[in-house]
Amino acid sequence: MAAMSVWTGRSLSEESIVEPDVLEWVDCAFERCRFVHGELRGLQTTRCTFVDCDFSGADLGESAHHESAFVSCSFRATDLLASSFWRCRMAGTDFAGALLEGIQIAAGDWRFVNLPAAKLRGLDLREVRLEGAYLANADLREADLREADLTGAVLSRARVRDADFRGALLEGSDLHTLDLQGVRVDAAQALHIAQSLGLVID
């Protein structure tokens, strides 16, 4: 019998998956599964759900994820080089120490993710929901954040030179404490930043 080429509709809980024989998963559900140091390069997921799963140290380089959800997962020190996430839900997921160069993110829900010192320079992050995201020390230089939701995001010591924040929601984020050289904002945002600095505008 020929080997299965696609996992479809699988539901797994508390399993350890390190070297799967199939790297295309569709409509699968995983809960509290361990993919630690897994060989998952080139993995493709479509409409899959991962809850409380651990991908620490795994190789997910060049992987592609479409409308999948990774909720409260760990990608600590995970290789995500040249991976892509299209309209995915990543809420509450930890990316500390992950390799993110070349990653592609199309919209999606990235609320309350942990991205300390993340290398996100030049990324297209338009319309991404980053509410409450921890982006301290992140490199966001030249990033396109138009229409993104950065409400309450932690941006302390982030590098944002030449980033584009036009139309982004910035309430509760400390953008005015950063080096804003070359940063693009719209008129309403400029007014908000000026007022937060104590300027009186007549």
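Couple of notes before you dig in:
- Looking across the stretch 68-110, the residues that are within 19 Å of Leu12 (Cβ to Cβ) and surrounded by fewer than 17 Cβ atoms within 10 Å (Cβ to Cβ) come down to Val71, Ser72.
- Among the residues listed as Phe85, Phe112, Phe50, the single one being in a strand (DSSP E or B), modelled with pLDDT of 95 or more, within 12 Å of the chain's Cα centre (by Cα) and among the aromatic types (Phe, Trp, Tyr): Phe85
- Check on Phe55, buried (at least 16 other Cβ atoms within 10 Å of the Cβ), over 17 Å from Glu101 (Cα atoms), at pLDDT 95 or above and aromatic (Phe, Trp, Tyr): yes
- Test for Phe70: is it more than 23 Å from Ser173 (Cβ to Cβ), part of a strand (DSSP E or B) and modelled with pLDDT of 95 or more: yes
- Within the stretch 11-47, considering residues that are small (Gly, Ala, Ser) and either closer than 19 Å to Ile105 by Cα or outside any strand (DSSP E or B) (or both), the one farthest from the chain's Cα centre (by Cα): Gly38
- Among the residues making up the stretch 162-184, those that are at pLDDT below 90 and either among the acidic types (Asp, Glu) or not in a loop (DSSP other than H, G, I, E, B) (or both) are Glu171, Asp174, Leu175, His176, Thr177, Asp179.
Here's the yes/no breakdown for (1) in contact with a helix residue (DSSP H, G or I) (Cβ under 8 Å, 6 or more places away or on another chain); (2) under 26 Å from Ser68 (Cα atoms):
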site: Pro116; (1), (2): no, yes
site: Arg126; (1), (2): no, yes
site: Ala138; (1), (2): no, yes
site: Ala153; (1), (2): no, yes
site: Arg166; (1), (2): yes, no
site: Ser173; (1), (2): no, no
site: Thr177; (1), (2): no, no
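- Cβ-Cβ contacts under 7 Å between residues 6 or more apart (or on different chains), taken from a first residue in the stretch 1-27 that is at pLDDT 95 or above and surrounded by 15 or more Cβ atoms within 10 Å (Cβ to Cβ) to a second residue that is among the polar types (S, T, N, Q) and in a loop (DSSP other than H, G, I, E, B), are listed as Glu24/Ser5.
The values are calculated or read from the model by the stated rules, or taken from the named source; none is laboratory data. Small disclaimer: the values here were computed from a predicted structure and weren't measured. So basically every Cβ, Gly included, is an ideal-geometry build from the backbone, and we count neighbours across all protein chains shown.
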